[in-house]
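The structure appears right after this line, and notes come after that.
Every number in this text was worked out from the coordinates using simple rules, so none of it is lab data. Please read all numbers here as calculations on a predicted model, not as lab measurements. All Cβ positions, even for glycine, are placed from backbone atoms using ideal geometry, and neighbour counts span all protein chains on display.
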Amino acid sequence: MKVVASAPGKITLYGEHAVVYGEPALVASIDKRVYVTCIPRSDGRFRISALNLHVPGVIVTYSRDGEIILETDYGRVLSALSYINEGLRITSEYIGERRGADIIVESSMPVGAGLGTSAAVTVATIAAYAKALGYDLKREEIAKLAWETEKKVQGIASPMDTSISTFGGVMYIRYSGSNVHMERVKIGSEIPLVIGYVEREAKTKDLVQRVYSLKQKYPHIVEAIIKTIGSIVEEARKALYEGDLVRAGELMNINHGLLDALGVSTKKLNELVYAARAMGALGSKLSGAGGGGSMIALVLRERVQDVSSAIRILGGKVIDTAIGGKGLVYESVERS
Ligand code: PMV
């Protein structure tokens, strides 16, 4: 069977990093997606092509002794590929069958910009591979396997990215142990956002580790910051429900200040965040793991041009996308 599955990227409205420690987060899918095509092979080998994941040339990976070896032109193992590799391994183990496959990955969003591409790649790969081998996994199962994959690759990971990429929409999410609690967020008015991004300087894994180390060093201080971010999420949920965008914006600003305090913002991200406010945004913050990557600004229609221009002038890119895109979709399933 040839299967094409797609999964969306995401932005975190409030609560990244704190979500790793059991606090809630508000997260939204976007209408930019990663597409994964899977065609099973009969020779037990895996061939992965990910031409637009910043990988020059075709990446060919072959299994030796049942392991997938990832090689690039430069002999480097790219991080997006480690999610594919691990996702395939975990899925094989779960369904109890291991067959080789051609995997083709394409992305309609910039990779490594903090838009949750690694989760989208993981979700779409797991879904396409299982389906191509004839297994109809439930969404809950796919989300769980994708979360396991992220934990394996990153060391520490919350289920936030993988859950939103699987289910889509605007969600309130928190977890405890292996229990994931997710609710659709009711919103009183549209959430008008401008999303900007800059080159990423650090990986999610390292940023999560940085917060962990800071927490080890100053447990009382960092735990208080994490708890406060949790309170911001609860308050923001109410503000969004009531359609109170002024309050929602202020809460974004506070959230950003605390993320900066945790050491995950950068000079460039701060510049974009402050420029957006100077140009009339109701609020702005980094979105995702930080270390570069994306930022969001809550902006009323009449200020969108000004805020977007400010982001561009400072060297950021503006991504034109709507929030609340569909979760996992099987784009096509063909018998071959
Ligand atoms: O790197 P991103 O944009 O996918 O964001 C990761 C979000 C964190 O809260 C920092 C980590 C996690 O596992 O939730």
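Relative to the Cα centre, what is the charge dipole magnitude of the range 240-310, using +1 at the beta carbon of each Lys and Arg, -1 at the beta carbon of each Asp and Glu, and rounding to the nearest 20 debye? Can you show the working numbers first?
On the way: 7 positive and 7 negative charges, 38 e Å.
With Lys and Arg at +1 and Asp and Glu at -1, about 180 debye.
Highest GNM mean-square fluctuation, the chain, Cα pairs closer than 10 Å: which of Y218, Y35, Y94? Looking only at Y218, Y35, Y94, the biggest GNM fluctuation is shown by Y218.
With +1 on each Lys and Arg Cβ and -1 on each Asp and Glu Cβ, how big is the dipole of the chain about its Cα centre, in debye rounded to the nearest 20?
Working: 41 positive and 37 negative charges, 28 e Å.
Roughly 140 debye for the chain.
For the range 225-325, the list of GluC sites (Glu not before Pro) that fall in a loop by DSSP and count at most 16 other C-beta atoms within 10 angstrom reads E242. You can think of it this way: the chain between L300 and S213 has 27.5 nm of extra reach, that is 0.36 nm per residue less the Cα-Cα gap.
Phi-derived couplings, Karplus 6.51 cos²θ - 1.76 cosθ + 1.60 at θ = phi - 60°, listed residue by residue for the range 323-333: 9, x, x, 4, x, 4, 10, 8, 6, 7, 10 Hz, with x used for Gly and Pro.
Positive end of the charge dipole of the chain (Lys, Arg +1 and Asp, Glu -1 on Cβ, about the Cα centre): tell me which of V123, V211, V19 has its Cα farthest that way. Farthest towards the positive end: V211.
Placing +1 on the Cβ of every Lys and Arg and -1 on the Cβ of every Asp and Glu, with no other charges, gives the range 193-319 a dipole of roughly 340 debye about its Cα centre. Label sites at N179 and K317, each approximated as a point 7 angstrom past Cα along Cα to Cβ, lie 4.2 nm apart.
For the set K138/K326; K203/K268; K10/K131; K152/K317, the pairs lying more than 22 angstrom apart at their alpha carbons are K10/K131; K152/K317. The Cα center of the range 216-262 and the Cα center of the range 103-154 differ in position by 29 Å.
Counting alpha carbon pairs within less than 8 Å and at least 6 residues apart, what relative contact order, in whole percent, applies to the chain?
Numbers: 793 pairs, mean separation 88.2, N = 336.
Value for the chain: 26 percent.
Taking amide H atoms as placed 1.01 Å from N in the peptide plane, the amide H of G291 lies under 5 Å from those of S265, T266, each 5 or more residues away in sequence or on another chain.
Taking the inverse of the mean reciprocal distance over all distinct Cα pairs, the Kirkwood hydrodynamic radius of the chain comes to 20.0 Å.
Residue-wise HN-Hα couplings along the range 270-275, as the Karplus relation 6.51 cos²θ - 1.76 cosθ + 1.60 with θ = phi - 60° gives them from phi, are 4, 4, 5, 4, 6, 5 Hz; Gly and Pro carry x. Short to long, the 10 Å bins of the Cα pair-distance histogram for the range 193-319 hold 14, 42, 33, 10, 0 percent of all pairs.
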